[in-house]
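Structure record follows, encoded as structure tokens.
The values are calculated or read from the model by the stated rules, or taken from the named source; none is laboratory data. Note that the structure is predicted; figures quoted are calculated from it, not measured. For neighbour counting, all protein chains shown are included, and Cβ atoms are generated from backbone atoms with ideal geometry for every residue, glycine included. Heads up: the accessible areas ignore ligands, DNA and RNA and are worked out on the full protein's heavy atoms, side chains in. Shrake-Rupley method; radii C 1.70, N 1.55, O 1.52, S 1.80 Å.
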Amino acid sequence: MMETELPRAGVDDVDWSLLEDGSAVREMLKTLAGGGPAARTTALRGLYRLAPEGADVRPWVAAALPILLGMVATPEQPDRGRVLRLAGDLAGADRTWQMSGETLRAKRILAEHDGLLALLTDEDPQVREAAAYTVRAVCRLSAELVELLWERYIEEPDSAVRLTLVGSGVLAGAVGTGYEPTKRLLAWVADTDKDLRVRTIALAELVSMTNPPPFDVETARDTVLEAYRAGLNREPAHVDDLVAPLLAGQWLAARQWTPGYPQVVSAVRAAYRNDVTPQLNLLERMLELDGWDARQDALYEARSLIQRFRGPYRPLVDRAAELMGDPDPQVRAASLSLLSSIGELARPGADAVWADLIDGGYWINEGGQGPVLAMAARLLAELRDERLLPTLERMLDEAPDTGDLHSAIAGYGFAARGLSRTLRRRLRGTEDATEYARLLRALTAVAPGEAADHLAEEPIDLDTLGLLARAGRSAAGRVPDIRPLLTCGDPALELAAAHTIWRVAGDAEAAAGVYDMYFDNRKAAPEHAVAALDGLRELRIRVKDRARRMIRLRRRQANGAVVAAAADALWWVAGNQDAARALGPVWEAAPRERPRIARLWLATGDVRYGARYARAELALPLRHNLRGHGARPAEITEDEQLLTLCREIVAQAG
């Protein structure tokens, strides 16, 4: 401990007139020492209220600390635990980071008090717990405190005191060289302590640290499940408002040193690595518990599990759909969030989402750039649920500025052609350029033949070329405007124009002329070569004379996407299966090409060749198109489609 000169310890030995609020403090200290229970409580709260000075404490705190510690040292003094905790709060036990001003002065006085550490072995467990808390104020002033606290933990019989010792040990271990030993001790406590609350807090503290050491994952799993079952995962209790504004420091400390259980669940899941079964089992058990916190945390954890790993998720999705009717709004929100983030896997929950939506749910929310479809409505639109279409049509008139309304309608394609009349009426009546463009895209998607008149005056760019291609022969009047783009010099525009000239005018020769410039050009970007090969694939036998060039391209090309596109085109253009039978290395080297390759093997009948790759794919736990820590909803859908293709390949191969 540090050596400083202690102020005098008697209440009447201090000249309180020299200190702000000194006379009031003197009277409260006297009441605290000898008043009745109600008077002592009032005095205690009064001292808390008089202490703060902005982010610091008032000068009288340094004078009062030795007096308070003297009270605690007297066995006959009532409320010794509360008085000691007051001393700790005044000295910044809840503000360990504050090392300046009067707070630092108070901490030094506390650190110099010889009897402080002795209170850790007091006969009264309330005093021991208060002492375990109070030493946090001096954890940055005493290097030997870490070892002492953990020694006391080993000997301490009272679970509440052990709990406080663990928290103080973590704070003390954050200073100097105690960090690594603290992690090992926390792992030991989490595995061995008899008290559930102590084990749980130790586990929570452990997983909040950087690079935690290995722990017994089965014990940790059982601990967190038992903690959820016991309802221990709650917000820290509010500090009495009469203690404010010290409230801010105490509340922050409680939040900082009581990590949430989701972090523990994530750590347990991470300990299982790529084994999906125990992770899924943990979440399913959490979903069966009565506590809203367990259900909510399981649903949010399930989202990251599904986005990263493949697995038998139907029971989990069904349970999430059931919880759309949970009485707790946070659980319902977590269920909807899960269903909205897993793509086509959410389809079994569509009925539950629809029921929640029509039972008073929100259809539109206010977004950062204006109104947007609410999560439930957007999910149903992504699932192409036709029950939503009448409402979307009504929104065209009642909420036309909803940002993603028109793209949601466009996603339905021909299934939403019944909305074409409303879309055309809105197109004729709107003067807003942004709304006009959105309406035109939606109309072209749902009823392309009816969009030609509106496309007649649109300036030609990439977007317009895409719309014209979808409109097909009904947009033949724009052919003269499309042809100049076939030789404009911009690869993206030329390739889009080639695709459009084929769709609008059926001019295979003009389209092939553009594709010839890119599909086997060594200087062409891979994405342009792939686009050209896909264009030739669409032209089928009309460009069969390019087959030899495609074969040469496949033999010299190293880019997996180009090789797969060339093999695909060779089959559909010339019926050549040889390229498809050599795509195994591309399958392994370019995971994102696997859906295309799987479809090609099914089309060519080369399922025996592809079966071993398909079986290996079905055994992989990670999604083939994983980005970072997870896949987006559309990518999950794509991966599930790949698994379906692989199962079909294996089934056909026998």
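Of Lys30/Lys183; Lys107/Lys194; Lys107/Lys183, which ones are farther than 32 Å apart at the Cα? Those over the limit are Lys30/Lys183; Lys107/Lys194. Put a dot 7 Å past the Cα of Ser407, heading toward its Cβ, do the same for Glu27, and the two dots end up 6.8 nm apart. Under 5 Å between amide hydrogens, built in the peptide plane, is the criterion, and for Val57 it picks out Glu102, Thr103 among residues at least 5 positions away or on other chains. Loop-located chymotrypsin sites (Phe, Trp or Tyr not before Pro) across segment 301-393 with a Cβ neighbour count of 16 or fewer within 10 Å are Tyr362, with loop assigned by DSSP. Treating each Cα of segment 441-492 as one equal point scatterer and applying the Debye formula with no solvent, the log10 of I(q)/I(0) at q = 0.14, 0.15 Å⁻¹ comes out as -0.32, -0.37. If the Kirkwood radius is taken over C-alpha pairs of the chain, then at 37 °C and 0.692 mPa s the Stokes-Einstein diffusion coefficient equals 107 µm²/s. Compared with the direct C-alpha span, the chain from Leu620 to Thr42 gains 201.5 nm at full extension, assuming 0.36 nm per residue. Legend: calculated FRET efficiency, Arg347 to Ala437, from the Cβ-Cβ distance at R0 = 22 Å, rounded to 0.05, equals 0.10. Per residue, segment 588-654 exposes an accessible area of 49 Å² to a 1.4 Å probe, with every protein chain left in place. On a per residue basis, segment 265-373 carries 44 Å² of accessible surface, using protein heavy atoms and a 1.4 Å probe. Taking amide H atoms as placed 1.01 Å from N in the peptide plane, the amide H of Ile364 lies under 5 Å from those of Ala374, each 5 or more residues away in sequence or on another chain.
All C-alpha to C-alpha distances of segment 28-162, sorted into 10 Å bins beginning at zero, yield P(r) values of 13, 45, 34, 9 percent in whole numbers.
Go ahead and run the numbers for FRET between Glu648 and Ala230, Cβ-Cβ distance against an R0 of 60 Å, rounding to 0.05.
Details: r = 48 Å, r/R0 = 0.80.
The calculated FRET efficiency here is 0.80.
Each principal axis of the Cα atoms in segment 302-374 has its own extent, and those three values, largest first, are 37, 27, 20 angstrom.
Using the rule -39500 (n - 2.57) for each DSSP H run of four or more residues, divided by the residues of the chain, the 222 nm mean residue ellipticity is -19000 deg cm²/dmol. Each residue of segment 32-44 was assigned a 3J(HN,Hα) from its phi angle through the Karplus curve 6.51 cos²θ - 1.76 cosθ + 1.60 (θ = phi - 60°); the sequence is 5, 7, x, x, x, x, 5, 5, 5, 5, 4, 5, 4 Hz, with glycine and proline shown as x.
For segment 523-620, the Kirkwood estimate of the hydrodynamic radius, built from every pair of different alpha carbons, is 13.4 Å.
Of the trypsin sites (Lys or Arg not before Pro) found in segment 105-137, not one falls in a DSSP loop while having at most 16 other beta-carbon atoms within 10 Å.
Under a model in which nothing but the beta-carbon of Lys, Arg (+1) and Asp, Glu (-1) is charged, segment 502-654 shows a dipole of about 440 debye around its Cα centre.
What is the helix-to-structure angle for 292-308, meaning the angle in degrees between its Cα long axis and the longest Cα principal axis of the chain, kept from 0 to 90 and rounded to the nearest 10? In the chain, helix 292-308 runs at an angle near 40 degrees to the longest axis. The GluC sites (Glu not before Pro) found in segment 111-215 that occupy coil by DSSP, while having at most 14 further C-beta atoms within 10 Å, are Glu123, Glu144.
Specify whether the C-alpha gyration tensor of segment 89-140 places it in the rounded, prolate or oblate class, a ≥ b ≥ c being the square roots of the eigenvalues: rounded for a/c under 1.5, otherwise prolate if a/b is larger than b/c and oblate if not. Note, shape of segment 89-140 comes out prolate. Positive contributions from Lys and Arg (+1) and negative ones from Asp and Glu (-1), summed over other residues with Cβ under 11 Å from the Cβ of Asp397, come out at +1. Considering only alpha-carbon pairs that sit under 8 angstrom and 6 or more positions apart, the relative contact order computed for segment 323-384 is 31 percent.
Between Arg599 and Leu18, the contour length at 0.36 nm per residue exceeds the Cα-Cα span by 200.3 nm. Sequence-distant contacts, meaning Cα pairs under 8 Å at least 6 residues apart, place the relative contact order of segment 405-485 at 28 percent. The equivalent ellipsoid of segment 587-654 has semi-axes of 21, 11, 10 Å, largest first, where each one is the square root of 5 times an eigenvalue of the Cα gyration tensor.
Here the relative contact order of the chain, from alpha carbon pairs under 8 Å that lie six or more residues apart, stands at 7 percent. Convex hull volume of the C-alpha atoms in segment 445-526, normalised per residue: 86 Å³.
Each label point was placed 7 Å from the Cα along the Cα-to-Cβ direction; for Arg592 and Met99 their separation is 4.9 nm. Between segment 377-441 and segment 324-352, the alpha-carbon centres lie 24 Å apart. Dipole magnitude for segment 119-199: computed about the Cα centre from +1 point charges on Lys and Arg Cβ and -1 point charges on Asp and Glu Cβ, it is near 400 debye.
Of the accessible area of segment 461-561, computed with a 1.4 Å probe over protein heavy atoms only, carbon and sulfur atoms account for 49 percent. Note that segment 364-376 has calculated 3J(HN,Hα) couplings of 10, 10, 8, x, x, 10, x, x, 9, 4, 5, 4, 5 Hz, one per residue in order, obtained from phi through the Karplus relation 6.51 cos²θ - 1.76 cosθ + 1.60 (θ = phi - 60°); glycine and proline are x. Selection among Ile109, Leu65, Leu84 by position relative to the dipole of segment 1-119 gives Leu84 as farthest towards the positive end (Cβ unit charges, Cα centre).
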